[in-house]
Amino acid sequence: MTTQIEFLECLASAAEDNCRLDSKISLDELSARNSLYAEVGEGFTETMYYNKCTVKTVPVLFLCRHISQQRCIEQLSDICNYFQRLRNYPQGHTFSWLDTTIAKEPSKIGRDEDGTWHYSCILNCKLCY
């Protein structure tokens, strides 16, 4: 398992266990109604140490699709607030999770013809591996 896959699964599991979500977070695709999705974006190296360990910032995009605009905002806000305020992050076998900041607050990105809302947010996660 790659570091990014292990990290994404760890992040989704932590959010599902600790946030008030209406559905599980999919790592494959955003389904038709009332769903959540997460994917890693293009990260960058902040620091490289002599032992070749690196500290990287990895952005994670969350998408929410829901019939209620309020629930979109509430679910994404809950995820953002939980990870930004967390003092001890879950750890993986291939990474150490150091910190998380909100890069983009929950905001509207669209709406389907049937009235389903689309919202997104981005968290910048600092990892060492």
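The values are calculated or read from the model by the stated rules, or taken from the named source; none is laboratory data. Just so we're clear, the structure is a prediction, and the values are computed from it rather than from any experiment. As a convention, Cβ positions derive from the backbone with ideal geometry for all residues, glycine included, and neighbour counts pool all protein chains shown. Protein only, heavy atoms only, side chains kept; ligands, DNA and RNA dropped before computing areas. Shrake-Rupley method; radii C 1.70, N 1.55, O 1.52, S 1.80 Å.
Computed quantities for the displayed model
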{"item": "Counted residues, the stretch 102-120 - those being of a type in the set (A, V, I, L, M, F, W, C) and either closer than 10 Å to Cys72 by Cβ or open to solvent by 90 Å² or more (accessible area, probe 1.4 Å) (or both)", "result": "2"}
{"item": "Count of residues meeting criterion [β-branched (Val, Ile, Thr) and part of a loop (DSSP other than H, G, I, E, B)] in the stretch 78-129", "result": "2"}
{"item": "Near pairs, Cβ below 9 angstrom, 6+ apart or cross-chain, from the stretch 115-129 (closer than 17 Å to Phe62 by Cβ) to any residue that is of a type in the set (Val, Ile, Thr) and part of a loop (DSSP other than H, G, I, E, B)", "result": "Thr116/Ile67; Trp117/Ile67"}
{"item": "Residue within the stretch 24-46 that is without any contact (Cβ under 8 Å) to a residue 60 or more places away in the chain, closer than 16 Å to Lys126 by Cβ and of a type in the set (Phe, Trp, Tyr) present", "result": "yes"}
{"item": "Ile79 vs. criteria more than 14 Å from Lys126 (Cβ to Cβ), without any contact (Cβ under 8 Å) to a residue 12 or more places away in the chain and hydrophobic (A, V, I, L, M, F, W, C)", "result": "no"}
{"item": "Failed condition for Gln75, given (1) under 14 Å from the mean Cα position of the chain (by Cα); (2) exposed (fewer than 14 other Cβ atoms within 10 Å of the Cβ); (3) of a type in the set (S, T, N, Q); (4) outside any strand (DSSP E or B)", "result": "(2)"}
{"item": "Yes/no for Leu86 being over 19 Å from Thr2 (Cα atoms) and either β-branched (Val, Ile, Thr) or within 15 Å of the chain's Cα centre (by Cα) (or both)", "result": "yes"}
{"item": "Of residues in the stretch 43-72 being outside any strand (DSSP E or B) and at pLDDT 95 or above, the one least open to solvent (accessible area, probe 1.4 Å)", "result": "Cys72"}
{"item": "Near pairs, Cβ below 8 angstrom, 6+ apart or cross-chain, from the stretch 88-109 (acidic (Asp, Glu)) to any residue that is in a strand (DSSP E or B)", "result": "Asp99/Cys125; Asp99/Lys126; Glu105/Cys121"}
{"item": "Some residue of the stretch 9-21 being open to solvent by 30 Å² or more (accessible area, probe 1.4 Å), assigned to a loop (DSSP other than H, G, I, E, B), in contact (Cβ under 8 Å) with a residue 24 or more places away in the chain and within 21 Å of Gln84 (Cβ to Cβ)", "result": "yes"}
